[in-house]
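All of the numbers you see were taken from the coordinates with simple rules; none came from a lab. Keep in mind that what you see is a predicted model, and the values were worked out from it rather than measured. FYI the Cβ positions are ideal-geometry reconstructions off the backbone, even for glycines, and counts take in every protein chain you see.
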Amino acid sequence: MANWETAFVKIIREICREDGISLTSFDDWAFCLRKGETHNFIYGYQFGLDNAAVAAILRDKAAASEMMTAAKLAHVPHWCVMSPAHPEFCSLDSGWEFIEKIFSDYKDLVVKDNQGTGGRLVFRVRTRQELEQACHEIFSTASSLAVSPYIPIEKEYRVIVLDKKIKLAFSKIRPHVTGDGIHTVRELLGEQIARATDSQLKGLFSQGCLPEFLSGGQRADTVLSQGQELVLEWKHNLGQGAAAELVTEQDIMQDLRNIASRAVELFGLRFASVDVIKTSEGYKILEINSGVMMENLARTDHRCYQLAKEIYRNAIHSMLGMTGK
Ligand SMILES: Nc1ncnc2c1ncn2[C@@H]1O[C@H](COP(=O)(O)OP(=O)(O)O)[C@@H](O)[C@H]1O
Ligand SMILES: [Mg+2]
């Protein structure tokens with residue numbers, strides 16, 4: 001999607017128009033916002049609220065993970081491995097030997113671009129061949145990768161925090177088909193494709209989620225029992241077919257608040273999104289971003305659009321010193 005087509009850019013333009021803020025856009029990716037004597041910037045989804053060092057640490061999945069380990073904050077561990085193209089940064093025990101050791105310890109890993117986003121270059125590997133292939137692909141463009149044990153995820157959430165308040169949380173529902181005891185997976189999929197909007201289709205076919213499902217040993221002629229869900233994609237990325245669903249249950253909100261506020265405190269964050277997973281061992285932080293992306297939420301319906309817009313409005317007011325005026 002081009003920058004100017006995103007709900008995000010539309011929202012920023014609307015807020016500035018409504019609140020008398022002058023906005024200069026640079027390719028709808030970098031923005032300068034000015035109100036009276038004060039000015040500040042937005043770059044991508046990054047607002048001028050958090051300091052550059054914190055933003056850089058959070059972008060580096062392994063660095064953020066090490067800090068969470070030191071703070072005893074429940075999270076998915078990420079270990080950094082530098083590309084062999086940069087031997088000057090590698091110690092002997094931190095390269096391929098290290099990956100092999102982790103692989104023989106866990107047998108099921110996730111390897112990803114250490115500074116990646118949007119689920120690109122994120123691979124689940126269960127064999128040595130998959131491991132080698134994934135590392136090769138990541139290192140063809142990235143200078144470091146992060147390796148983690150694969151952790152079965154019951155639910156994945158995004159928690160949006162601004163100035164110490166949890167503004168909202170949504171869960172990420174992966175693309176799936178639900179059985180009715182009559183139709184085959186092939187028929188259910190056909191029906192889903194026939195009903196899908198263009199953007200749902202894009203998500204469904206991005207990154208090859210259908211082959212992932214078939215390689216899981218499932219057959220397209222299987223008849224799922226009534227209510228049985230078959231997930232088509234193992235990743236929860238909103239840009240790869242997952243849908244955003246607001247969390248309304250107060251007990252879940254409280255659990256998310258407990259873990260997200262520890263992350264906010266540790267990194268001193270002002271505006272951030274905290275991705276939290278629910279596992280059999282409880283809640284864990286998967287990643288934290290100081291860029292706040294609510295694109296898919298805003299596209300869900302009018303109410304969600306307004307909710308996302310109000311949070312972005314609060315963030316803009318906060319960065320231009322307009323709060324309480
Ligand atoms: N260690 C892991 N175990 C299980 N699933 C994972 C693991 N790491 C990532 N995932 C899945 O892959 C998705 C993308 O990974 P993430 O670390 O969030 O990368 P990105 O920053 O590209 O979104 C996550 O939303 C999650 O569903
Ligand atoms: Mg992610």
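Okay, here's what the table says:
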read-out	value
Cα centre as origin, Lys/Arg/Asp/Glu Cβ charges: region 77-150 dipole, Debye	280
GNM result for the chain, Cα springs below 10 Å: residue of GLY118, GLY190, GLY95 fluctuating most strongly	GLY190
Subset of LYS164/LYS278; LYS155/LYS284; LYS278/LYS309; LYS61/LYS112; LYS172/LYS235; LYS35/LYS165 violating a 18 Å alpha-carbon distance limit	LYS164/LYS278; LYS278/LYS309; LYS35/LYS165
Mean-position separation - Cα centroids, region 288-325 and region 97-114, in angstrom	37
Environment charge at SER290 (Cβ cut-off 10 Å; Lys +1, Arg +1, Asp -1, Glu -1)	+1
Computed [θ] at 222 nm, deg cm²/dmol, the chain (DSSP H ≥ 4; -39,500 (n - 2.57); rounded to nearest 500)	-11000 deg cm²/dmol
Three principal axis lengths of the chain [C-alpha, angstrom, descending]	61, 55, 40
Highest-fluctuation residue, ARG257, ARG120, ARG195 considered, GNM on the chain with Cα pairs under 10 Å	ARG195
Residue with peak Gaussian network fluctuation, the chain [Cα springs, cutoff 10 Å], from LEU162, LEU188, LEU49	LEU188
